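Novice: Got a structure for you, written out below as structure tokens; questions coming shortly.
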Amino acid sequence: MDTVAGPSSVSSTFDEPRVRAITVDDVSVALSDGLRDFRAAPAFGTTVGLVYAIGGNLLLWIVASWDLSLLVYPLAAGFVLIAPFAAVGVYELSRRMEAGETTRLSDLIGAVPPHARRELAYMALVTFFALLVWVYAAGFVYALFFGLRSLPTDDIVTMIVSTPRGVAFLVVGNLLGAVLATVVFSISVISYPLLLDRDIDFVTAMIASIRAVLAAPMPMLGWGVFIATMLAIAILPMFLGLVVILPWLGHASWHLYRRATAVD
């Protein structure tokens with residue numbers, strides 16, 4: 001198990017997992033350990049990343065087929081919200097490596113513990129609901145500035161870069177997106193690996209995740225910004241960067257979870 005660094009643990013109640021205030025060094029070490037795990041078993045991680053990238057391209061193809069080009073940007077940005085769910089298998093791989101267990105593909109397929117399946121499903125519903133809220137919020141902001149009619153993509157881009165209304169639309173949309181992303185990040189940053197690792201319910205996991213963020217807001221904010229930046233870069237070339245970025249960040253997220261929680 002990783003050696004946990006940082007200040008003393010934050011007290012907990014109601015049998016909630018105890019959390020620790022992580023430091024910037026913890027984030028750095030988690031990234032290094034995540035890269036080590038990815039290099040040790042790249043095949044599984046790249047497969048997960050490839051499936052996720054294909055899912056992103058399929059989603060955009062459906063949107064384009066329905067002539068909803070105005071949703072391409074918010075969907076591409078919001079798609080990263082479900083990355084923690086997509087990386088569950090990667091967390092399990094890191095957990096097995098840490099515990100010295102076998103990491104063959106046959107062991108990883110369907111390896112989610114019985115106690116975690118239902119709670120992870122509930123957590124996934126929360127995440128997908130957040131994605132729907134994200135898309136509806138984007139549609140609302142668009143209608144607020146441009147009305148209910150669908151404009152050609154070229155016209156929207158021209159208005160954004162050349163008119164005050166377009167600039168205001170961009171600012172308001174991104175601010176709203178940042179607020180929603182912060183909320184989703186706070187409830188999920190350690191929830192998924194926590195549910196995989198311990199026999200607790202998803203509400204307790206979300207509370208513990210929020211407490212972990214509040215215990216170290218600046219390092220956690222930095223971690224969230226780093227994840228968002230890397231995923232944004234990864235989705236630009238038709239989501240193909242996710243083949244490498246998703247498993248690396250998934251492994252790193254596991255190690256950050258281990259450093260953000262105290263052993264009971």
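Only the coordinates and a few stated rules stand behind these numbers; no lab work does. Since the model is a prediction, treat every value here as computed from it, not as a measurement. Here the Cβ is made from the backbone with ideal geometry for all residues, glycine too, and neighbour counts use every protein chain on show.
Novice: In nm, to one decimal, how far is the modelled label at M218 from the one at Y136, with both set 7 Å along Cα→Cβ?
Specialist: About 3.8 nm separates the two model spin labels.
Novice: Could you compute the FRET efficiency for V157 and L35, with r as their C-beta to C-beta distance and R0 at 45 Å, rounded to 0.05?
Specialist: Working: r = 37 Å, r/R0 = 0.81.
Efficiency at R0 = 45 Å is approximately 0.80.
Novice: When the Kirkwood radius is taken over all Cα pairs of the range 24-67, what Stokes-Einstein diffusion coefficient follows at 10 °C and 1.306 mPa s, in µm²/s?
Specialist: Values: Rh = 12.6 Å.
In µm²/s, the coefficient is 126.
Novice: Just rank S32, S94, fewest to most, by other beta-carbon atoms within 10 angstrom.
Specialist: Values: S32 11, S94 30.
The most exposed by this proxy come first: S32, S94.
Novice: Non-local amide H neighbours of T261 (under 5 Å, H modeled in plane, Pro and chain starts lacking H): which ones?
Specialist: Distant-sequence amide H within range of T261: R20.
Novice: Could you give the length gained by full extension between L175 and D25, i.e. 0.36 nm per residue of separation minus their alpha carbon distance, to one decimal place?
Specialist: On the way: separation 150, 0.36 × 150 = 54.00 nm, distance 2.89 nm.
Additional length available on full extension: 51.1 nm.
Novice: Taking the number of other C-beta atoms within 10 Å as the exposure measure, put I82, I22 in order starting with the fewest.
Specialist: Numbers: I82 19, I22 27.
Ranking I82, I22 by Cβ neighbours within 10 Å, fewest first, gives I82, I22.
Novice: Now a separate question. For a Förster distance of 41 Å, can you work out the FRET efficiency between the beta-carbons of R118 and A143, rounded to the nearest 0.05?
Specialist: Values: r = 38 Å, r/R0 = 0.92.
Using R0 = 41 Å, I get an efficiency of 0.65.
Novice: Another question, if that's okay. Relative contact order, percent, of the chain when contacts are C-alpha pairs under 8 Å separated by at least 6 residues?
Specialist: Numbers: 327 pairs, mean separation 107.9, N = 264.
Dividing the mean separation by the residue count of the chain yields 41 percent.
Novice: In the set [x] 25, 23, 16; [y] 34, 21, 16; [z] 51, 23, 14, which value of semi-axes √(5λ) of the Cα gyration tensor in Å was calculated from the structure you see?
Specialist: Step by step, semi-axes √(5λ) of the Cα gyration tensor in Å for this structure corresponds to label [y].
Novice: If you don't mind, another one. In degrees, nearest 10, range 0 to 90: what is the angle between the Cα axis of helix 242-260 and the longest Cα principal axis of the chain?
Specialist: Roughly 50 degrees between the two axes.
Novice: To the nearest 500 deg cm²/dmol, what mean residue ellipticity at 222 nm is calculated for the chain from DSSP H runs of n ≥ 4 alone, each contributing -39,500 (n - 2.57), summed and divided by the residues? Mind showing how you got there, number by number?
Specialist: Values: 13 runs with 195 residues, N = 264.
Mean residue ellipticity, 222 nm, calculated: -24000 deg cm²/dmol.
Novice: Provide the per-residue ³J(HN,Hα) series for the range 46-63, in order, calculated from phi with Karplus coefficients 6.51, -1.76, 1.60 and θ = phi - 60°, each as a whole number of Hz, with x at glycine and proline positions.
Specialist: These are the phi-based 3J(HN,Hα) values: 5, 5, 4, x, 5, 4, 5, 5, 4, x, x, 5, 5, 4, 5, 5, 5, 4 Hz.
Novice: Follow-up question, since we're still on this one. According to a simple spin-label model (label point 7 Å from Cα along Cα-to-Cβ), what is the distance in nm between F128 and A168?
Specialist: Placing both labels 7 Å along Cα→Cβ, they lie 3.7 nm apart.
Novice: Working from Cα positions, state the angle (0 to 90°, nearest 10) between the long axis of helix 217-235 and the longest principal axis of the chain.
Specialist: The angle comes out near 60 degrees.
Novice: Something else: Expressed as an acute angle from 0 to 90° and rounded to the nearest 10, what is the orientation of the C-alpha long axis of helix 164-188 relative to the principal long axis of the chain?
Specialist: The two axes meet at around 20 degrees.
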